[in-house]
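The values are calculated or read from the model by the stated rules, or taken from the named source; none is laboratory data. Source: prediction; values computed, not measured. Cβ sites come from the backbone with ideal geometry, for glycine too, and all protein chains shown count toward neighbours.
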Amino acid sequence: MRWRIDLSYDGTAFHGWARQDGLRTVQGSLEDALQTVLRLPERLAVTCAGRTDTGVHARGQVTHFDHEGAVEPFRLLRALNGVLPADVVVKAVTAAPEGFDARFSALARRYVYRLCDEQAGWDPLTRGHVLRVTRSLDVDRMNAAAGQLLGEHDFAAFCKKREGASTVRALLDFSWQRTGPGLLEGTVVADAFCHSMVRALVGSMIPVGDGRREVDWPAGVLAGKVRDSAVAVVPAHGLTLEEVRYPADNELAARALEARQVRGEVHQRG
């Protein structure tokens with residue numbers, strides 16, 4: 001039986017999603033909790049929709065695990081939240097539809113990056129989730145630049161290259177809006193992301209917004225198809241995985257097959 005777990009976490013004190021020996025990770029914490037509450041002799045492997053990096057947060061992470069024993073979803077949810085650390089919360093436990101794969105069935109991932117460009121808006125209570133910048137940003141310029149990157153492209157210029165891994169992605173939305181005095185949110189949606197892609201895309205927008213670069217500069221970087229050292233990879237703490245989108249239940253298996261064929265075993269990371 002395959003089970004879906006939806007969860008949120010504050011990534012500040014984690015060394016990313018993926019289990020690593022001797023390090024505190026989200027996957028490690030969740031797998032240890034499952035082993036404890038299900039009283040298993042060994043860990044169950046948990047698969048996630050997007051392997052967030054060290055310091056990246058998630059409000060809408062989706063995972064799955066396979067287990068032959070009986071599971072009562074609401075009791076499992078309560079039990080997991082009773083043993084998990086306070087910076088991880090399970091939001092839902094449900095029986096996964098046939099063909100569901102948390103990673104490969106996903107149609108898109110939505111991330112949000114949060115910035116503050118006015119000292120009056122700097123809030124010490126949100127310092128772990130919002131990046132402070134010292135120059136005022138022009139949202140219209142940033143949106144004009146971001147719009148030029150939409151569509152399916154080779155995003156090698158904005159990714160850390162992995163041997164044998166494709167860097168072709170479909171960027172479905174990249175837009176900026178002000179949400180309060182000095183506060184900006186950048187929404188980035190794609191079918192999948194390669195390593196550091198979201199933070200590099202955001203890093204290309206800041207110098208456009210503050211006037212140091214022209215509006216068409218990020219598009220020029222994209223066209224180069226090689227990692228550009230002029231693009232800063234912004235810090236992880238401003239980034240949150242907000243949502244993972246899936247097709248209708250009867251399309252899950254086909255979507256998973258398609259994704260495996262297109263990307264093989266490429267890591268879906270922000």
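Structure notes:
- Flag if Glu42 is over 28 Å from Leu107 (Cβ atoms) and either acidic (Asp, Glu) or crowded, with 22+ Cβ neighbours inside 10 Å (or both): yes
- Note on the stretch 165-219: residues that are buried (at least 21 other Cβ atoms within 10 Å of the Cβ) and either aromatic (Phe, Trp, Tyr) or assigned by TED's automatic domain parsing to the domain that holds Gly50 (or both) total 3.
- Qualifying residue in the stretch 219-234 (condition: among the polar types (S, T, N, Q) and touching a residue at least 24 places away in the same chain (Cβ under 8 Å)): no
Residue-wise test of (1) farther than 29 Å from Val130 by Cα; (2) in contact (Cβ under 8 Å) with a residue 12 or more places away in the chain; (3) out of contact with any His (no Cβ under 7 Å at 6 or more places or on another chain).
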position: His57; (1), (2), (3): no, yes, no
position: Gly60; (1), (2), (3): no, yes, yes
position: Phe74; (1), (2), (3): yes, yes, yes
position: Arg78; (1), (2), (3): yes, no, yes
position: Val83; (1), (2), (3): no, yes, yes
position: Lys91; (1), (2), (3): no, yes, yes
position: Ala95; (1), (2), (3): yes, yes, yes
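- On inspection, Phe65 fails the criterion of being touching a helix residue (DSSP H, G or I) at 6+ places or on another chain (Cβ under 6 Å), buried (at least 21 other Cβ atoms within 10 Å of the Cβ), modelled with pLDDT of 95 or more and outside the structural domain of Met197 (by TED's automatic domain parsing).
Matching residues to (1) assigned to a loop (DSSP other than H, G, I, E, B); (2) basic (Lys, Arg); (3) within 15 Å of Asp138 (Cα to Cα):
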{"position": "Cys194", "(1), (2), (3)": "yes, no, no"}
{"position": "Gly203", "(1), (2), (3)": "no, no, yes"}
{"position": "Leu241", "(1), (2), (3)": "no, no, no"}
{"position": "Asn250", "(1), (2), (3)": "no, no, no"}
{"position": "Ala253", "(1), (2), (3)": "no, no, no"}
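- Cys116 meets the conditions (1) of a type outside the set (Ser, Thr, Tyr); (2) buried (at least 20 other Cβ atoms within 10 Å of the Cβ); (3) closer than 28 Å to Ala259 by Cβ in every case but one. The failed one is (3).
- Counting only strands (runs of 3 or more DSSP E) that sit wholly inside the stretch 15-133, those with at least 2 residues that are more than 30 Å from Ser175 (Cβ to Cβ) are 57-66, 88-95.
- Just one of (1) farther than 30 Å from Ala13 by Cβ; (2) surrounded by fewer than 17 Cβ atoms within 10 Å (Cβ to Cβ) fails for Lys161. It is (1).
- Qualifying residue in the stretch 47-57 (condition: in contact with an Asp or Glu (Cβ under 8 Å, 6 or more places away or on another chain), hydrophobic (A, V, I, L, M, F, W, C) and at negative phi): no
- When the residues of the stretch 234-260 are filtered to those that are modelled with pLDDT of 95 or more and hydrophobic (A, V, I, L, M, F, W, C), the one that is surrounded by the fewest Cβ atoms within 10 Å (Cβ to Cβ) is Ala248.
- Residues that are modelled with pLDDT under 95 and out of contact with any strand residue (DSSP E or B) (no Cβ under 7 Å at 6 or more places or on another chain), drawn from the stretch 211-231: Gly224, Val226, Arg227, Asp228, Ser229, Ala230, Val231
- Looking across the stretch 7-39 at every residue that is among the hydrophobic types (A, V, I, L, M, F, W, C) and farther than 16 Å from His237 by Cβ, the one that is surrounded by the fewest Cβ atoms within 10 Å (Cβ to Cβ) is identified as Leu23.
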